[in-house]
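The values are calculated or read from the model by the stated rules, or taken from the named source; none is laboratory data. Just so you know, these numbers come straight off a predicted model, no measurement behind them. As a convention, Cβ positions derive from the backbone with ideal geometry for all residues, glycine included, and neighbour counts pool all protein chains shown. Ligands, DNA and RNA are excluded from the accessible area calculation, which covers all protein heavy atoms including side chains. Shrake-Rupley method; radii C 1.70, N 1.55, O 1.52, S 1.80 Å.
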Amino acid sequence: GCVLVVSVIEQLAQWHNSTVKAAVERLCNYIPGKYQIMCHMLCCIDKEMNADVVCHSLKLCKQDPGQPLCHLYPPPKPRHLCELMHPSSFIFFLLQKSFKGFSNICAFPLLANLCEKIKYVMRNKLPFEDFDGDKFSIFPTLRGYHWRGRDCDDKNTTVYPGRRPDNWDVKSDSNCNGIWGVDPKDGIPYEEKFCKGADSQGVVLLGDSAGAHFHIPPEWMTVTQMSAKSFANLPMAFTNELDWPQFSEITGFLNSTIGGWTDSLYLRLRRRNRCNHRDLQNISQNGTTYFPINITVYFSFSLARNQLLDNPAIVIYATIGNDVCNGNRDTLAHMTTPKQMFSNVVQALRYLDSRLPNGSHVILTGLVDGRFLWDNLHDRYHPLGQLNRDVTYSQIYSFLDCLQVSPCSGWLTSNETLRNLTSERASQLSNVLKEIARSEKFTNFDIFYMDFPLRQTAEEWHKMGGEPWQLIEPVDGFHPSQIAAALGTSITWQKALREWPQVLGKENPFNEQIEAIFKDQGGH
């Protein structure tokens, strides 16, 4: 993080032909409100120090004994480095003083409270602001309605998205789909008239960072395009853990502001049956193997579904890489084994069977073949390297791997043998999921398997005139981009229509009438 920020500052100075101090001030003016304190601490950067040297000087980067010196840029001459980092150096002294006690972003007093909130929601996968405790919120971020359908009465625990209507919602909207009241023409409740027998169901995603839709805006580090507008979304992104579930492939519902377009399974289910409005949950997390030993505890905190009171749900299990991806040097030894995969997934499915209403469906999604990443990005310039054409994705991958924080050491590497072994393990784990879908039976849901549609997505994008690298997030060089998410939705939907039409439910013939009557109550 330090190397990225300092690189941006130095490039801003270069692009605007200014001093580093002026570049810091410029960046601080771009960043909104209380977040500015982070950049004011960088007041003493010297042009003679590249980003690696600055961050080692600040002790934000370090070299442990016996470990290599991790650097993104070519290292300076040893003598020059020692002079800059020597305790008697005026620059080193000022930098150390500025950062004393602020070894991480959450140490800043103005951000400490916000960090505690973020830690809470990351730990529990629940809305921070939820006054009635029903696991739904009226606030967008901090695991609020960007992640789950918006609550329509946050002071009543019996009112929330996805429940069966209370007395056909004659007097109020108990399931937050915007349909309630009685038709004055015939005295029949609207919910009964339009939604009875309509196969209403929600969608729940159990996913990883791809499902949460991790995204770092490239304009945050592309100085040729940088302005105050570039950072307007920083507070929202920060309080959403750098995820954008509101635009995601499974639960997206807002028009994308990060490129591409939004198309999601939820939106298609809603168009198919307007009674499904707001019935969505995205229970995804960045950087975690998803099915831990304490899976029952995990879901009991996070999943919002009452077996007796709520509608059925389509549950998508899509941890497309986390079981083979880690940042360890001996990455193969830390991958999930087929035996572990079978045990963990079956354990999770048994728990779901105890919680999901009868008539639900579960779709297991296979792991991706991540060799696509290196093949299409390694020799391209990263956004950080586009100004001076000096940083490729290969260099970024090597830097992160050296720091042991690579999102996937097995795929983001120049070692072709390791890439192939990682894909082999991913294929083995996908076969486990396929076998579970074929052989395991459950009381309250049927179960299906589908391959992750990367090949079909690339082919479809090629037909549209696109390039494969555009399907990958430009900053992290790892996650599916907004374009990939939207195209993946279309491919998944077509497969479901062909092979499992019962999963999607029937089309509601009253959709137009519902929209006409309740158009002012259909917002998300």
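Every condition in (1) over 30 Å from Gly385 (Cα atoms); (2) modelled with pLDDT of 90 or more; (3) aliphatic (A, V, I, L, M) is met by Ile118 except one, and the failing one is (2). Helices (runs of 4 or more DSSP H) fully within the range 174-284 that include at least 3 residues being farther than 22 Å from Ser481 by Cβ and more than 16 Å from the chain's Cα centre (by Cα): 190-195, 265-272. The residues listed here are Asp369, Asp390, Asp379; of these, the one that is open to solvent by 70 Å² or more (accessible area, probe 1.4 Å) and not in a helix (DSSP H, G or I) is Asp379.
Residue check: is Ile138 β-branched (Val, Ile, Thr) and part of a helix (DSSP H, G or I)? It is false that Ile138 is β-branched (Val, Ile, Thr) and part of a helix (DSSP H, G or I).
Of the residues examined, Tyr160 is one that is within 23 Å of Gln307 (Cα to Cα), modelled with pLDDT of 80 or more and not hydrophobic (A, V, I, L, M, F, W, C). Could you grab me the full set of residues in the range 182-194 that are open to solvent by 10 Å² or more (accessible area, probe 1.4 Å) and either touching a helix residue (DSSP H, G or I) at 6+ places or on another chain (Cβ under 7 Å) or in contact (Cβ under 8 Å) with a residue 12 or more places away in the chain (or both)? Across the range 182-194, the qualifying residues are Val182, Asp183, Pro189, Tyr190, Glu192, Lys193.
Quick check on Thr413: is it β-branched (Val, Ile, Thr), more than 17 Å from His71 (Cβ to Cβ), open to solvent by 20 Å² or more (accessible area, probe 1.4 Å) and not in a loop (DSSP other than H, G, I, E, B)? Answer is no for this residue. Every test in (1) basic (Lys, Arg); (2) free of Cβ contacts under 8 Å to residues at least 24 places away in the same chain; (3) part of a helix (DSSP H, G or I) is passed by Arg419 save one, and that test is (2). The numbered conditions (1) open to solvent by 30 Å² or more (accessible area, probe 1.4 Å); (2) in contact (Cβ under 8 Å) with a residue 24 or more places away in the chain; (3) assigned to a loop (DSSP other than H, G, I, E, B) are all true for Trp469 except (3). Can you find a residue in the range 433-456 that is more than 17 Å from the chain's Cα centre (by Cα) and under 18 Å from Phe247 (Cβ atoms)? There is no residue in the range 433-456 that is more than 17 Å from the chain's Cα centre (by Cα) and under 18 Å from Phe247 (Cβ atoms). Screening Arg371, Arg355, Arg380 for residues that are basic (Lys, Arg), in contact (Cβ under 8 Å) with a residue 12 or more places away in the chain and in contact with a Leu (Cβ under 8 Å, 6 or more places away or on another chain) leaves exactly one candidate, Arg355. Each residue in the range 309-348 was checked for being outside any loop (DSSP other than H, G, I, E, B), open to solvent by less than 50 Å² (accessible area, probe 1.4 Å) and farther than 30 Å from Ser200 by Cα, and 3 pass. Contact annotation: residue pairs with Cβ atoms under 6 Å, 6 or more positions apart or on different chains, pairing a residue in the range 1-28 that is open to solvent by 70 Å² or more (accessible area, probe 1.4 Å) with a partner that is in a helix (DSSP H, G or I), are Trp15/Val223; Arg26/Leu12. Here is the figure for the range 218-232: residues that are open to solvent by less than 30 Å² (accessible area, probe 1.4 Å) and either at pLDDT below 95 or more than 17 Å from Cys2 (Cα to Cα) (or both) total 4. Residue-level check: of (1) of a type in the set (Gly, Ala, Ser); (2) within 26 Å of Glu512 (Cα to Cα); (3) open to solvent by less than 50 Å² (accessible area, probe 1.4 Å), Ser209 misses just (2).
So in the range 116-150, with the set limited to residues that are among the basic types (Lys, Arg) and more than 16 Å from Leu303 (Cα to Cα), which one is most open to solvent (accessible area, probe 1.4 Å)? Only one residue tops the list, namely Lys119. The numbered conditions (1) closer than 30 Å to Asn358 by Cβ; (2) modelled with pLDDT of 95 or more; (3) surrounded by fewer than 21 Cβ atoms within 10 Å (Cβ to Cβ) are all true for Asn508 except (3).
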